[in-house]
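These notes concern the structure reproduced below.
The values are calculated or read from the model by the stated rules, or taken from the named source; none is laboratory data. If you're wondering where the values come from, they're calculated on a predicted model, not measured in any experiment. Note that each Cβ is placed from the backbone with ideal geometry, even for glycine, and that neighbours are counted across all protein chains shown. Ligands, DNA and RNA are stripped out before the accessible areas are found, and what is left, the full protein with its side chains, is counted by its heavy atoms. Shrake-Rupley method; radii C 1.70, N 1.55, O 1.52, S 1.80 Å.
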Amino acid sequence: MSVLLIFTAVAVGTYLLRISGIVLLSNPEKLPPRLRRALGLVAPTAMGAILVNSLFLDEGQWRSFGAWHLAAAVAIGVALWKRSAGWAMSLGAASFALLLVAGL
């Protein structure tokens, strides 16, 4: 099979998958409540997986305790205190930068 045909088939398949989400979710009232609730948890779950991976692993090896963990603790504390993702991310990033400058 030609490489051009393979790329075209993959492109069409990708497009159909992307458009299917828009078509299926165009009217969320048609979805069962359990599915709507599950779809609402996809983004936080993906973000949690990314954060835990970057917090505990460094190129496949366990990350030693340091600035990453302390900045994450600051961000978690601010998130629980202020209930604001913006404040948590801002102060977590600022504390991470300060910890790096301090040599930790």
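Checking the a/c ratio against 1.5 first, then a/b against b/c, what shape does the Cα gyration tensor give for segment 1-56? Display every interim value, and only then the final one.
Values: a/c = 4.75, a/b = 1.31, b/c = 3.63.
Oblate shape, in that a/c is at least 1.5 and b/c is the bigger or equal ratio.
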For VAL12, solvent-accessible area (1.4 Å; no DNA, RNA or ligand), Å²: 80 Å²
With all protein chains modelled, accessible area of SER20 [1.4 Å, Å²]: 40 Å²
Residue-level accessible surface for PHE96, protein heavy atoms, 1.4 Å, Å²: 50 Å²
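Rank these by accessible area, largest first, 1.4 Å probe: LYS82, LYS30.
Working: LYS82 95, LYS30 165 Å².
Most to least solvent-accessible, the answer reads LYS30, LYS82.
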Residue order for TRP87, TRP81, TRP68 - accessible surface, 1.4 angstrom probe, largest first: TRP81, TRP87, TRP68
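Tell me the carbon and sulfur percent of the accessible area for the chain, rounded to whole percent, probe radius 1.4 Å. Present the calculation step by step, with values, prior to reporting the outcome.
Working: 6230 of 8500 Å².
Carbon-and-sulfur percentage of accessible area, whole number: 73.
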For segment 1-24 versus segment 56-101, the gap between their alpha-carbon centres in whole angstrom: 39 Å
Solvent-accessible heavy-atom area per residue, rounded to whole Å², over the chain at 1.4 Å: 82 Å²
Gyration tensor verdict on the chain (Cα atoms; rounded if a/c is under 1.5, prolate if a/b is larger than b/c, oblate otherwise): oblate
Point-to-point label distance, SER26-LEU70, nm (Cα→Cβ direction, 7 Å offset): 5.4 nm
